[in-house]
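Report on the following structure.
The values are calculated or read from the model by the stated rules, or taken from the named source; none is laboratory data. None of the values given here were measured: they were computed from a predicted structure. Don't worry about glycine lacking a Cβ; one is built from the backbone with ideal geometry, like all the others, and counts go over all protein chains shown.
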Amino acid sequence: MNNKVCAKGYEFCGETSIGVITGGLPVMTESAALLKDLVTETKYLRCMFRSLSSTPVTTLFADIILKNGGKEVAKIENFQYNAKARRNGFFGQNVGVALKWDAEFDTAEVKVKKAVLEDGDVLVSSGEDITFPQPAYIREYLQSEELEQEYRRESGAVGPFCPQKAGGWWRCTCGELNADSEETCFACGKEAGPLFDLLNTEALETNLAEYKEERARIEEEERIKQEEEERIAAEKRAVRNAKAKKISIIAAVAVVVLAIAFAFVKFALPVINYNSAASAFEDGDYEAAYTKFESLGEYKDSRNMAVEAHYRFAQGLVEDGEYEKAIAAFKEMINYKDSTACCKEAEYLYAKQLIEEEKYEEALANLDEIGEYEDSATLEKEAKYGYIGANLDSENETTYRYLRELKSKSYKDSEEIYNDLYKWTVKLVINDSETDSAAKKDEISKYDKVYCHVTLNGGTPNGTTRLKYSATYPDGSKAIGAWDKAWEEGTEGTCSFWYDIPEYGKTGKFTVSIYDADTGKKLGAKSVELTN
């Protein structure tokens, strides 16, 4: 995988602190990459750390040192990285530190100062930093495939890597780092002593020669024994008749063919397939390596190698953004190493990806499975807000539930959306008919009754309210009233008005206004001209 690829809109400016273990702390700085925003030209530092502690690391404090031409020009002290990283877990890679500094700088280095563990222990850097060597392969070190196989036979090594030591740490053949105080690898359980002691070219060459000599002796004894058996069989065949001899020869040939086929399947084919699987593993083709090791069953360490290959394949899927496949892969080996934590990280990243793709319901399902993890609560609100924007329907129960929740948390403009989506409105029709609620009139005689037909719209799903009305006559006098019933979406009602003595009634503009009786908010108004 190419870790030099930047997100769109950023330029990669360099990388430092690769594989650094600071002052005895159980944390390795895998990389510190300097990026530049191509729009704002602001530089960012993005670090990736690996936990080497058996107790999860919760917080990390580090100094960020800015240099120009190798000279320090500025420093950010005790920058805090929050994490909950179990052993061999990565963190910090999602945090971009904005380096807004007046001074010119061309590199940025990170110096870990202290780590806080989940049990409350605070570990402070002491001693000098070490840069742990990059992994080396056993075959390249011994420069011989035969010596590599001899080393594996004697040491029981489960991985392709050379054991390495540096600054109080040692790398196992499976590739994982262990403290010198750990006599066995935390990941594969192999003892450190034999792994290092047996990596001796002279001793391996001597042992290999003895192994070959013993194999040759056994093969020679088998050959002599087989020749003797064939001689005896030939003597017996000589006394048989021609028919019996023919049958015997055919049977012998069949036996030899079956024996050769059995020997090939039993001994040669597994060796060929194992070497093919190991080569695929070394080439980084972990998917192919997993399939091949899995097919070998209990042969040598094929079971362990298959699981390790599957684990690395899943990690590669995460790096490639194929989170759904990565989740499925990690769940198949959920108890291996830190697969549980890796699975949760993949589910978290997959939820973010689904939100970007506007697949909000799927994102929320993933977030529900993750539970409390990093900023999953914020992502949940973002996904619900996105769902609301894509489903602005006042009758949608899910939209209503999400809006109520986000409004109670004052999230963005959710309250404004809620009020606009579920506001009550009224349709008003004024005429002189008690039964006709459709015909509109602009003028009505003051000698006739005036009817205002009201239809209520809007509101929350299954919501109700109460309405009241106020009528303003041309002379400014008012008539007010209210309905006793509860109103809901689509409810209709009528109120009526008249002059007791029409002859003395004033002509002019007559207005009916409708109000929400619970809030006093005006929902609508309609006017008509009263004429003689």
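Being among the polar types (S, T, N, Q), surrounded by fewer than 21 Cβ atoms within 10 Å (Cβ to Cβ) and within 30 Å of Gly459 (Cβ to Cβ) is true for just one of Thr340, Thr378, Thr398. Which residue is that? Don't jump to the end; show me each part of the working.
Working: Thr340 fails: within 30 Å of Gly459 (Cβ to Cβ); Thr378 fails: within 30 Å of Gly459 (Cβ to Cβ).
Step by step, each of Thr340, Thr378, Thr398 is checked, and only Thr398 is among the polar types (S, T, N, Q), surrounded by fewer than 21 Cβ atoms within 10 Å (Cβ to Cβ) and within 30 Å of Gly459 (Cβ to Cβ).
Look through Glu372, Glu434, Glu416 and report the one residue that is in a loop (DSSP other than H, G, I, E, B) and at pLDDT 95 or above. It would help to see each step written out before you state the result.
On the way: Glu372 fails: at pLDDT 95 or above; Glu416 fails: in a loop (DSSP other than H, G, I, E, B).
Checking each option against the conditions leaves just Glu434.
Would you confirm whether any residue within the range 119-126 is of a type in the set (D, E, K, R) and modelled with pLDDT of 90 or more?
Yes, the conditions are met somewhere in the range 119-126.
Taking only the range 460-507 into account, find how many residues are under 60 Å from the mean Cα position of the chain (by Cα) and among the hydroxyl-bearing types (Ser, Thr, Tyr).
Residues flagged as under 60 Å from the mean Cα position of the chain (by Cα) and among the hydroxyl-bearing types (Ser, Thr, Tyr) within the range 460-507 amount to 7.
Looking at this structure, is Thr42 modelled with pLDDT under 90 and over 22 Å from Gly321 (Cα atoms)? Give the derivation first.
Numbers: modelled with pLDDT under 90: no; over 22 Å from Gly321 (Cα atoms): yes.
Considered against the rule, which asks whether it is modelled with pLDDT under 90 and over 22 Å from Gly321 (Cα atoms), Thr42 comes out as no.
Give the residue that is nearest to Lys526 (Cα to Cα), with candidates limited to residues of the range 423-460 that are surrounded by 17 or more Cβ atoms within 10 Å (Cβ to Cβ) and touching a helix residue (DSSP H, G or I) at 6+ places or on another chain (Cβ under 8 Å).
Restricting to residues being surrounded by 17 or more Cβ atoms within 10 Å (Cβ to Cβ) and touching a helix residue (DSSP H, G or I) at 6+ places or on another chain (Cβ under 8 Å), the top hit is Lys446.
Take the residues of the range 134-153 that are out of contact with any helix residue (DSSP H, G or I) (no Cβ under 7 Å at 6 or more places or on another chain) and within 15 Å of Tyr274 (Cβ to Cβ): which is surrounded by the fewest Cβ atoms within 10 Å (Cβ to Cβ)?
Looking at the filtered set, the residue picked out is Arg153.
Take the residues in the range 364-394 that are of a type in the set (A, V, I, L, M, F, W, C) and in contact (Cβ under 8 Å) with a residue 12 or more places away in the chain, then tell me which one is farthest from Gly92 (Cα to Cα). Steps first, please.
Quick first cut of the range 364-394, residues of a type in the set (A, V, I, L, M, F, W, C) only: 364-365, 367, 370, 377, 379, 383, 388, 390, 392.
Still in the running and in contact (Cβ under 8 Å) with a residue 12 or more places away in the chain: 364, 367, 370, 379, 383, 388, 390, 392.
On the way: Leu364: 24, Leu367: 20, Ile370: 19, Leu379: 18, Ala383: 23, Ile388: 32, Ala390: 33, Leu392: 37 Å.
Only one residue tops the list, namely Leu392.
Helices (runs of 4 or more DSSP H) wholly in the range 134-230 with at least 2 residues that are charged (D, E, K, R) - which ones?
Helices (runs of 4 or more DSSP H) meeting the threshold: 138-142, 145-155.
Give the range 486-518 a look and list any residue that's assigned to a loop (DSSP other than H, G, I, E, B) and in contact (Cβ under 8 Å) with a residue 12 or more places away in the chain, or say none. First the steps, then the outcome.
So the first thing to find is which residues in the range 486-518 are assigned to a loop (DSSP other than H, G, I, E, B), and the list is 486, 489-491, 498-501, 505-507, 517-518.
The answer is Ala486, Glu489, Gly490, Thr491, Trp498, Tyr499, Gly505, Lys506, Thr507, Ala517, Asp518.
Would you point out the residue of the range 362-375, among those that are surrounded by 13 or more Cβ atoms within 10 Å (Cβ to Cβ) and among the small types (Gly, Ala, Ser), that is farthest from the chain's Cα centre (by Cα)?
It comes out as Ala365.
Would you confirm, using the coordinates I've provided, whether Tyr385 is outside any helix (DSSP H, G or I), surrounded by 14 or more Cβ atoms within 10 Å (Cβ to Cβ) and in contact with a helix residue (DSSP H, G or I) (Cβ under 9 Å, 6 or more places away or on another chain)?
Numbers: outside any helix (DSSP H, G or I): no; surrounded by 14 or more Cβ atoms within 10 Å (Cβ to Cβ): yes; in contact with a helix residue (DSSP H, G or I) (Cβ under 9 Å, 6 or more places away or on another chain): yes.
For Tyr385, the condition - outside any helix (DSSP H, G or I), surrounded by 14 or more Cβ atoms within 10 Å (Cβ to Cβ) and in contact with a helix residue (DSSP H, G or I) (Cβ under 9 Å, 6 or more places away or on another chain) - is not met.
Can you find a residue that is farther than 29 Å from Phe313 by Cα and either out of contact with any Leu (no Cβ under 8 Å at 6 or more places or on another chain) or without any contact (Cβ under 8 Å) to a residue 24 or more places away in the chain (or both) anywhere in the range 6-20?
So far as the range 6-20 goes, no, none of its residues is farther than 29 Å from Phe313 by Cα and either out of contact with any Leu (no Cβ under 8 Å at 6 or more places or on another chain) or without any contact (Cβ under 8 Å) to a residue 24 or more places away in the chain (or both).
Considering only the range 14-29, state which residues are part of a strand (DSSP E or B) and at pLDDT below 90. Outline the logic, then answer.
Our first condition is that a residue be part of a strand (DSSP E or B); within the range 14-29, this holds for 14-16, 20-21, 27-29.
Selection gives Gly14, Glu15, Thr16.
Is it true that Asp442 is charged (D, E, K, R), modelled with pLDDT of 95 or more and out of contact with any Gly (no Cβ under 7 Å at 6 or more places or on another chain)?
Spelling it out, Asp442 is indeed charged (D, E, K, R), modelled with pLDDT of 95 or more and out of contact with any Gly (no Cβ under 7 Å at 6 or more places or on another chain).
Being β-branched (Val, Ile, Thr) and either in the same structural domain as Ser53 (by TED's automatic domain parsing) or within 24 Å of Val307 (Cα to Cα) (or both) narrows it down to one of Thr184, Thr201, Thr206, so name that one.
Thr184
Could we say that Lys440 is within 27 Å of Asp420 (Cα to Cα) and outside any strand (DSSP E or B) here?
In short, no.
Within the range 124-133, can you find the residues that are surrounded by fewer than 18 Cβ atoms within 10 Å (Cβ to Cβ) and either without any contact (Cβ under 8 Å) to a residue 60 or more places away in the chain or in contact with a strand residue (DSSP E or B) (Cβ under 7 Å, 6 or more places away or on another chain) (or both)?
The answer is Val124, Asp129, Ile130, Thr131, Pro133.
Going through the range 271-282 one residue at a time, which ones are surrounded by fewer than 17 Cβ atoms within 10 Å (Cβ to Cβ) and either of a type outside the set (Asp, Glu) or assigned by TED's automatic domain parsing to the domain that holds Ser144 (or both)?
Val271, Ile272, Asn273, Asn275, Ser276, Ser279
Would you point out which residue out of Glu361, Glu397 is touching a residue at least 12 places away in the same chain (Cβ under 8 Å) and closer than 26 Å to Ala486 by Cα?
On the way: Glu361 fails: closer than 26 Å to Ala486 by Cα.
Glu397 is the lone residue from the list that is touching a residue at least 12 places away in the same chain (Cβ under 8 Å) and closer than 26 Å to Ala486 by Cα.
For Val116, state whether it is loosely packed, with under 14 Cβ neighbours inside 10 Å and either over 21 Å from Glu282 (Cβ atoms) or assigned by TED's automatic domain parsing to the domain that holds Ser54 (or both).
No.
Condition first: part of a loop (DSSP other than H, G, I, E, B) and either surrounded by 20 or more Cβ atoms within 10 Å (Cβ to Cβ) or among the charged types (D, E, K, R) (or both). Now tell me which residues in the range 297-316 satisfy that.
Across the range 297-316, the qualifying residues are Glu298, Lys300, Asp301.
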